[in-house]
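A quick write-up on the structure given underneath.
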Amino acid sequence: MYAKVNSMGLFGLNAFPVDVEIEVSKGTPSFEIVGLGDIVVKESRERIRAALRSCSTQFPLARVIVNLAPADTKKTGSMHDLAIFSSLLLINGIIDDDLSRTVFIGEVALNGDVRSVNGVLPMTLTARKNGVERIFVPKSNAHEASVVDGIKVYGVDNVSELIAHFSGEKQIVPEGEYVVTEEERRYSGDFSDVRGQQTAKLALEYAAAGGHNVLMVGSPGSGKSMLAKRIPSILPEMTFEESIETTNIHSISGMISPEHPLVTTRPFRAPHHTISSAGLAGGGTIPRPGEISLAHNGVLFLDELPEFDRRTLEILRQPLEDKVVTVSRAAGTAEYPCSFILVAAMNPCPCGYYGHPTKKCICGEKAVHTYLSRISGPLLDRFDIHVEVAPLEYSTLRSDTPEESSESVRQRVQAARKRQNRRYEGTGITCNANITADKLNEFCPLTKEASDMLEKVFSSMGLSARAYDRILKVARTIADMEQCEVIGKNQIARAVQFRSLDRKYWSR
Ligand SMILES: Nc1ncnc2c1ncn2[C@@H]1O[C@H](COP(=O)(O)OP(=O)(O)OP(=O)(O)O)[C@@H](O)[C@H]1O
Ligand SMILES: [Mg+2]
Ligand SMILES: [Zn+2]
């Protein structure tokens with residue numbers, strides 16, 4: 001006897017169909033799973049035998065072979081359990097439905113419970129693309145699968161529910177359509193919580209508007225972490241496509257909660273400075289996404305930047321340019337998107353008070369230098385905007401003038417993004433920060449005065465070519481905020497200002 005049930009496999013972000021073929025023949029009773037499965041797949045046998053017992057269903061007294069096809073693709077994890085289980089139900093005659101457009105995903109526990117698995121969203125998306133009409137998933141993943149429309153999602157808590165469903169005893173009610181609530185789009189902190197810091201706020205507004213990386217330098221307690229945390233709240237609202245992209249990455253990392261199956265707010269990832277290269281960029285035996293990919297479409301915040309391992313930071317350079325990272329391991333190579341705004345914060349010296357107006361820095365000249373030199377020139381150059389976060393005056397802290405809300409800042413950011421989208425339509429450029437070198441002159445026209453000024457600054461400040469590009473892009477963003485197509489002198493001047501910290505701290 002032969003039967004076939006559909007399952008889905010996953011490698012990196014790529015979901016692929018897996019056929020679970022079962023053949024039952026006469027002979028010494030046995031149960032074998034073949035088809036390049038890992039140890040977890042092999043152990044599936046024991047789970048399924050026990051689960052069948054849990055619902056008093058007979059295991060065939062025969063030679064049972066399950067093949068996972070295609071046989072040349074590695075299968076990992078326990079997500080095929082439910083499909084293997086269902087194939088036995090087909091053999092037993094408990095299921096007599098047409099299963100050609102049905103997929104089963106889920107781990108089966110010894111007591112028959114159906115346990116959640118990672119990556120349900122990318123698997124459901126691919127299933128729908130391949131014409132699948134209904135999908136059975138663990139109940140705790142059902143909300144996540146319901147994000148995909150055009151496919152009926154059945155959440156299963158226990159295998160006995162599945163049996164009851166197919167025997168007609170009790171139908172499982174399919175998941176309702178998923179709707180994003182306003183609540184789910186809200187951020188926990190608001191820009192208006194931060195008092196004063198007008199320059200820093202302006203810098204972050206420009207960063208959000210043009211997708212620029214920012215470095216904040218300031219003494220302890222000046223509000224750097226507080227400001228960084230609030231950047232997602234001034235970024236444009238996530239589009240559905242962006243939500244899906246980010247959710248896919250969070251889904252395969254097992255970071256989706258049943259209550260919030262779709263990532264609807266821009267991620268803010270703040271890894272600790274002890275993080276490994278693999279933790280940051282991705283890795284593991286099965287290549288997993290790292291923090292840079294978890295931050296996709298949002299913000300990656302590196303607090304206390306000089307404390308990070310230098311080699312770990314150098315790894316960032318390529319993904320920052322390419323917006324995608326390739327993670328290679330023995331088990332294969334996976335590609336993960338990683339388009340994020342890099343925000344870093346640091347003190348100006350080990351004690352934190354170098355350049356402070358009232359407190360005295362106790363670090364020696366050499367200690368300050370060693371500290372700062374942990375940030376390499378090329379990495380420093382990757383921050384389009386450098387901003388000093390000044391210590392807060394007592395009067396500002398106590399003042400009761402209301403601060404501008406994130407929503408209000410976001411309106412301007414969104415308008416500037418709209419201008420950019422119109423300008424870059426069909427070019428593949430997504431925002432000013434991503435203008436390619438060959439398009440820089442075309443998209444950043446300068447007035448005569450602006451061009452003269454930039455020339456002067458270039459030679460007097462000894463700018464690197466990369467720093468020059470960055471200034472031009474930030475000036476492009478400032479002009480966009482002010483609805484100017486041609487960049488003026490004033491806008492160049494402000495962009496230059498946001499690149500002057502490296503001279504203050506790093507050129508000594
Ligand atoms: N501008 C501000 N408005 C309101 N509260 C502030 C402001 N700046 C700092 N604070 C208060 O001080 C606390 C410390 O700020 P925060 O952690 O952001 O400082 P930091 O610059 O990151 O310091 P460190 O260098 O020590 O990390 C905040 O939690 C907040 O309560
Ligand atoms: Mg901090
Ligand atoms: Zn110091």
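The values are calculated or read from the model by the stated rules, or taken from the named source; none is laboratory data. Since the model is a prediction, treat every value here as computed from it, not as a measurement. Every residue, glycine as well, gets a Cβ built from its backbone with ideal geometry; the counts of neighbours run over all protein chains shown.
Give me a count of the residues in the stretch 339-366 that are in a strand (DSSP E or B) and more than 16 Å from Gly221 (Cα to Cα).
Within the stretch 339-366, residues that are in a strand (DSSP E or B) and more than 16 Å from Gly221 (Cα to Cα) number 3.
Conditions tested, residue by residue: (1) over 30 Å from Gly355 (Cβ atoms); (2) touching a residue at least 24 places away in the same chain (Cβ under 8 Å); (3) assigned by TED's automatic domain parsing to the domain that holds Ala344.
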{"position": "Ser376", "(1), (2), (3)": "no, yes, yes"}
{"position": "Pro391", "(1), (2), (3)": "no, yes, yes"}
{"position": "Ser399", "(1), (2), (3)": "no, yes, yes"}
{"position": "Arg419", "(1), (2), (3)": "yes, yes, yes"}
{"position": "Asp438", "(1), (2), (3)": "yes, no, no"}
{"position": "Ser451", "(1), (2), (3)": "yes, no, no"}
{"position": "Ser459", "(1), (2), (3)": "no, no, no"}
{"position": "Arg466", "(1), (2), (3)": "no, yes, no"}
{"position": "Arg470", "(1), (2), (3)": "no, yes, no"}
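Between a residue in the stretch 123-149 that is over 17 Å from Ser257 (Cα atoms) and any residue that is acidic (Asp, Glu), which pairs come within a Cβ distance under 8 Å, given they are 6 or more apart or on different chains?
Taking only residues 6 or more apart or on different chains, the pairs are Asp149/Glu177.
Scan the stretch 1-51 for residues that are outside any strand (DSSP E or B) and over 39 Å from the mean Cα position of the chain (by Cα) and jot them down.
Met1, Lys26, Gly27, Thr28, Pro29
Determine, yes or no, whether Pro306 is over 28 Å from Pro236 (Cβ atoms), part of a helix (DSSP H, G or I) and within 16 Å of ligand 2 (Cβ to nearest atom).
yes
Given the structure, is Thr312 in a helix (DSSP H, G or I), among the β-branched types (Val, Ile, Thr), more than 20 Å from Ala433 (Cβ to Cβ) and more than 16 Å from ligand 3 (Cβ to nearest atom)?
yes
For the stretch 222-273, which residues satisfy the criterion of being in contact (Cβ under 8 Å) with a residue 12 or more places away in the chain, more than 19 Å from Cys338 (Cβ to Cβ) and either out of contact with any strand residue (DSSP E or B) (no Cβ under 8 Å at 6 or more places or on another chain) or outside the structural domain of Glu335 (by TED's automatic domain parsing) (or both)?
Met226, Arg230, Ser233, Ile234, Glu237, Pro258, Glu259, His260, Pro261, Leu262, Thr264
Could you please find all residues in the stretch 367-408 being surrounded by fewer than 17 Cβ atoms within 10 Å (Cβ to Cβ), in a helix (DSSP H, G or I) and within 16 Å of ligand 3 (Cβ to nearest atom)?
Residues satisfying the conditions are Ala367, His369, Thr370.
For the stretch 440-451, state whether one or more residues are in contact with a Lys or Arg (Cβ under 6 Å, 6 or more places away or on another chain), small (Gly, Ala, Ser) and in a helix (DSSP H, G or I).
Taking every residue of the stretch 440-451 in turn, at least one turns out to be in contact with a Lys or Arg (Cβ under 6 Å, 6 or more places away or on another chain), small (Gly, Ala, Ser) and in a helix (DSSP H, G or I).
Would you check which residues across the stretch 309-324 are over 11 Å from Leu280 (Cα atoms) and among the hydrophobic types (A, V, I, L, M, F, W, C) and list them?
Leu320, Val324, listed by residue number.
So how many residues does the stretch 325-349 have that are under 18 Å from Gly283 (Cβ atoms) and within 16 Å of ligand 1 (Cβ to nearest atom)?
0
Show the residue pairs meeting these rules: Cβ distance below 7 Å; 6+ apart or different chains; first residue within the stretch 1-30 and assigned by TED's automatic domain parsing to the domain that holds Ala69; second residue polar (S, T, N, Q) and in a strand (DSSP E or B).
Asn6/Thr102; Pro17/Asn6; Val18/Ser7; Asp19/Asn6; Val20/Ser7; Glu21/Asn67
Name the residue that is farthest from Ala344 (Cα to Cα), counting only residues in the stretch 265-277 that are buried (at least 16 other Cβ atoms within 10 Å of the Cβ) and over 15 Å from the mean Cα position of the chain (by Cα).
Looking at residues that are buried (at least 16 other Cβ atoms within 10 Å of the Cβ) and over 15 Å from the mean Cα position of the chain (by Cα), I get Ser277.
Take Gly155 and decide whether it is part of a strand (DSSP E or B) and small (Gly, Ala, Ser).
Yes; evaluated as a whole, the condition is true for this residue.
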